[in-house]
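Novice: Below is a structure I'd like to ask you about.
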Amino acid sequence: MESVNKKVILMALIMAVFTTFFIHYFIKKQTTQSVSVDYINTYVASKTLPPKHKIEEDDVKELKVTRDYLNPKAVMNKADIVGKRIKERIIEGEQILRDRLVEDKNLALAYNIPEGKRAVSLNVNEQIEVANLLRPGDFVDVIATFQKEELEDKTNKYLFPGVTKIILQNVQVLALGQEQIVEEDKKAEELPKTVTLAVNPFEAEKLVFSTEFAVVRLALRPVGDNKTVNTPGVIRNDVAPNRGYTILPK
């Protein structure tokens with residue numbers, strides 16, 4: 001009987017050891033599986049970005065997040081973020097989402113006005129608009145021709161001869177009509193009614209005054225030429241001095 005009890009006790013000990021081993025193995029496996037987390041690299045704002053801001057390199061940083069935390073609309077490639085503008089404020093630490101970025105072709109004009117400039121439009125015809133060959137992004141000079149004008153006050157009478165003068169130089173074309181982008185190899189089917197230029201406040205005053213009181217033409221500048229030339233303007237005598245005129249009796 002004692003031998004049988006020893007065998008039973010031994011078997012119980014062996015079963016206890018195996019049970020302990022399998023329980024330990026199971027718990028360890030479950031713990032290992034729960035600790036193993038799938039991380040994904042994404043990009044977040046390194047600081048709070050204001051609306052219409054153009055994203056720079058240091059505006060974003062890479063961050064590892066769990067797959068559950070990753071927003072389905074998150075942009076995973078930094079090259080698709082830098083250089084783009086944002087529609088609305090992005091808070092520091094917020095993931096950069098595709099629908100928060102503005103594509104270049106969808107930018108409102110306000111996004112494309114250079115700093116310190118204003119967008120001013122003028123009515124054009126084919127002659128003014130350089131035979132419909134202007135494109136957004138081109139640079140032009142603005143030439144104004146003022147007709148002869150007589151003014152007088154209580155003591156004097158003043159005669160201003162007609163003059164043609166370059167009033168603005170190296171001015172960027174922002175839009176033709178409502179188009180901010182025109183394909184290079186495709187001429188617009190219809191002549192735009194307006195050309196919108198980027199000018200500073202002082203240039204804006206000159207441009208608006210000239211469109212009200214003078215005939216305005218645009219001169220297209222070659223690519224890469226940003227030099228300005230100081231010209232005195234031209235009056236009739238500069239073109240054909242004292243030729244062909246006759247003094248008539250009063």
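Where a number appears in this text, it was derived from the coordinates with a stated rule and is not lab data. Model, not experiment: these values are computed from the prediction. No Cβ is skipped: glycine too gets one built from the backbone with ideal geometry, and neighbour counts run over all protein chains shown.
Novice: Once phi is turned into θ = phi - 60°, what whole-Hz ³J(HN,Hα) does the Karplus curve with 6.51, -1.76 and 1.60 give for every residue of region 157-173, x standing for Gly and Pro?
Specialist: Here the 3J(HN,Hα) series is 10, 10, 10, 9, x, x, 9, 10, 9, 6, 9, 9, 10, 6, 9, 7, 7 Hz.
Novice: Another question, if that's okay. Region 114-239: Rg/Rh from Cα coordinates, Kirkwood Rh?
Specialist: On the way: Rg = 16.3 Å, Rh = 15.8 Å.
Reported Rg/Rh, Kirkwood definition of Rh: 1.03.
Novice: Right, next: Could you calculate the FRET efficiency of Ser121 with Gln147 from 1/(1 + (r/R0)^6), where r is the beta carbon distance between them and R0 is 22 Å, rounded to 0.05?
Specialist: 0.40
Novice: Something else about it: Among Met76, Met15, which comes first, then next, by fewest other beta-carbon atoms within 10 Å?
Specialist: Listed from fewest to most nearby Cβ atoms, that is Met15, Met76.
Novice: Sort Asp238, Asp38 so the one with the fewest other Cβ atoms within 10 Å of its own Cβ comes first. Don't skip to the end; give the middle numbers.
Specialist: Numbers: Asp238 11, Asp38 8.
So the ranking, lowest neighbour count to highest, is Asp38, Asp238.
Novice: Further, regarding this structure: Label region 39-102 by shape, choosing from rounded, prolate and oblate, from the square roots a ≥ b ≥ c of the eigenvalues of the Cα gyration tensor; if a/c is under 1.5 it is rounded, and otherwise prolate applies when a/b is larger than b/c, oblate when it is not.
Specialist: Prolate.
Novice: Among Lys54/Lys78; Lys54/Lys206; Lys47/Lys117; Lys52/Lys227, which pairs are too far apart, with a Cα-Cα distance over 20 Å?
Specialist: Violating the 20 Å limit, Cα to Cα: Lys54/Lys206; Lys47/Lys117; Lys52/Lys227.
Novice: In nm, to one decimal, how far is the modelled label at Ile113 from the one at Glu57, with both set 7 Å along Cα→Cβ?
Specialist: Calculated label separation equals 3.1 nm.
Novice: Separation between the Lys193 and Lys64 pseudo-spin-labels, each 7 Å from Cα along Cα→Cβ, expressed in nm?
Specialist: Simple spin-label model gives 6.0 nm for this pair.
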